[in-house]
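One structure is given below, encoded as structure tokens.
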Amino acid sequence: MSHASDAPSLNDRLDLTGRSFDLTVTAHFEAAHYLTQPDPEHPYSKLHGHSFRVDVTVSGDVRDGQEWVEDFADLGATVRA
């Protein structure tokens, strides 16, 4: 009979050292502005907004003693800052 304590840990079963991975975080944001035009009736002289999507991809190899290329939470926090 096998016990859970006899099972190999994830690190014992899977060594990712040297493997390459791409990690992508996507963020969305809105921005508003207006342009000063000589004609105040020009459509861009009124406040208007735009929607943006940003994809940030980090590529790299898993280093010896690590289990990831980059911490996903840290990357997401940086992109959304």
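The values are calculated or read from the model by the stated rules, or taken from the named source; none is laboratory data. Since this is a predicted model, take the numbers as computed values, not measurements. Reconstructed Cβ throughout: ideal geometry from the backbone, glycine too, with neighbour counts over all protein chains shown. These accessible areas exclude ligands, DNA and RNA; they are computed on the full protein's heavy atoms, side chains included. Shrake-Rupley method; radii C 1.70, N 1.55, O 1.52, S 1.80 Å.
Among the residues of the range 30-77, those that are in contact (Cβ under 8 Å) with a residue 12 or more places away in the chain and among the polar types (S, T, N, Q) comprise Ser51, Thr57, Ser59, Gln66.
For every residue, the table says whether it meets (1) under 17 Å from Phe29 (Cα atoms); (2) open to solvent by 80 Å² or more (accessible area, probe 1.4 Å).
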| residue | (1), (2) |
| --- | --- |
| Pro40 | no, yes |
| Gly49 | yes, no |
| Phe52 | yes, yes |
| Val58 | no, no |
| Gln66 | no, no |
| Phe72 | no, yes |
| Leu75 | yes, no |
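Hey, could you check the range 19-66 for residues that are part of a strand (DSSP E or B) and among the aliphatic types (A, V, I, L, M) and say which is farthest from Val79 (Cα to Cα)? Can you show your working first?
Keep residues of the range 19-66 that are part of a strand (DSSP E or B), which gives 20-33, 48-61.
Next, from what is left, pick out any that are among the aliphatic types (A, V, I, L, M): 23, 25, 27, 31-32, 54, 56, 58.
Working: Leu23: 13, Val25: 7, Ala27: 7, Ala31: 16, Ala32: 20, Val54: 8, Val56: 7, Val58: 11 Å.
Here the answer is Ala32.
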